[in-house]
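Please read the structure below before turning to the comments.
Values in this text are rule-based calculations from the coordinates and carry no lab data. Quick caveat, the model's predicted, so the values are computed rather than measured. Ideal geometry is used to build each Cβ from the backbone, glycine not excepted, and the neighbour counts take in all protein chains shown.
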């Protein structure tokens, strides 16, 4: 009984395993056939790509003039629709008959030619025959030669500038007027130098003013004053005389001319001008009195000169020039005691302004006058 049961179980197991073995064998056969179909389709697609590339390359050289006949620029009878040369032409796809479910395909490998998807797998056991379409020729239009752009006569006429513009272009550009340099800033700077006692700089700046404005009245007047202060009486006289001719009633011009005449030894001509200036309102009386004293002493009128000196001393008693001129006037008038007094006052007022040589001369004159006074006193005491 047990043997019978074992035999039945064995038979049942064999019956159950035989369909699986047949299915496995059938699956293996179908799998091999599928792989064969896949390789066949890949080979066909690769051949089509190569044929399409070869045909395009040959057509391009044929069209460019490298054909067997050697003709250049041969055009086909019927040109196919053109596409830009830079865009790749899609390769023709093989026509496949009724397709069944396909197995997953491997990723395509990038090549120079456009990528082509592998052919689909047929569900049948045997693939249907496929038609191999010939690749259509690709027409590449030749690039037109660059031609120089020319304008039509009408366009040239329209763009031509008007005659007025042509004349304006032909004429040289008008030069802008040069910036006018005025003398006023230079004059003010020269006055500043003069007030600061910088005489050389003031004279140089006044000369620059005269280069711009040779008839600048105030500049010439101030230059004459500087010449008088520095003892250049001839230059001062030339300027002051011309200014007086231009403006006879100008107070400063009259005074400068009178002082220049005194410095040049024309005392008789200076006295009337000094009197005219003294009669004017707000006249510089000290300067007038002092120079009247100098003019009178030149004319030998010592006593009158001393009188005008004393009037000037009342206005400015510390002026060293006045003290020295008073000393000279008293010395000339033989009033030796007053002369010694004013010589000593002058040396005290001059201090550092008097050099050693000048101080020595004055001291020698003072000793001589003191000796003269002592001798006169001794003579008067003798019986």
*Compute the distance in nm between two label points, each set 7 Å from the Cα along the Cα-to-Cβ direction, one at residue 363 and one at residue 198.*
3.7 nm
*Name the shape class, rounded, prolate or oblate, that the alpha-carbon gyration tensor gives for the range 267-314, where a ≥ b ≥ c are the square roots of its eigenvalues, rounded holds for a/c under 1.5, and otherwise prolate holds if a/b is larger than b/c and oblate otherwise.*
oblate
*Simple spin-label model, 7 Å along Cα-to-Cβ: residue 51 to residue 3 in nm?*
7.1 nm
*Rounded if a/c under 1.5, otherwise prolate or oblate - the range 217-281, Cα gyration tensor axes*: oblate
*Label points 7 Å out from Cα along the Cβ direction at residue 191 and residue 14: separation in nm?*
14.7 nm
*Among 299-310, 284-295, how do they line up from the highest to the lowest mean number of other beta-carbon atoms within 10 Å?*
284-295, 299-310
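Sorting 203, 274 on the 10 Å Cβ count, fewest up front, what's the list? Walk me through the numbers on the way to the answer.
Numbers: 203 19, 274 25.
Final ranking by Cβ density, sparse to dense: 203, 274.
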*Using 0.36 nm per residue, how much length does the chain from residue 268 to residue 184 gain when fully extended, once their Cα-Cα distance is taken away?*
26.5 nm
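Got the relative contact order for the range 277-383 handy, in percent, Cα pairs under 8 Å and 6 or more residues apart?
On the way: 92 pairs, mean separation 18.9, N = 107.
Rounded, it is 18 percent for the range 277-383.
Based on the alpha-carbon gyration tensor of the range 284-362 and its eigenvalue square roots a ≥ b ≥ c, which shape applies: rounded if a/c is under 1.5, prolate if not and a/b is larger than b/c, or oblate? Each step should come with its number before you reach the end.
Details: a/c = 1.97, a/b = 1.34, b/c = 1.47.
Judged from the Cα gyration tensor, the range 284-362 comes out oblate (a/c at least 1.5, b/c at or above a/b).
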_Give me 224, 183 sorted ascending by neighbouring Cβ count inside 10 Å, so fewest comes first._
183, 224
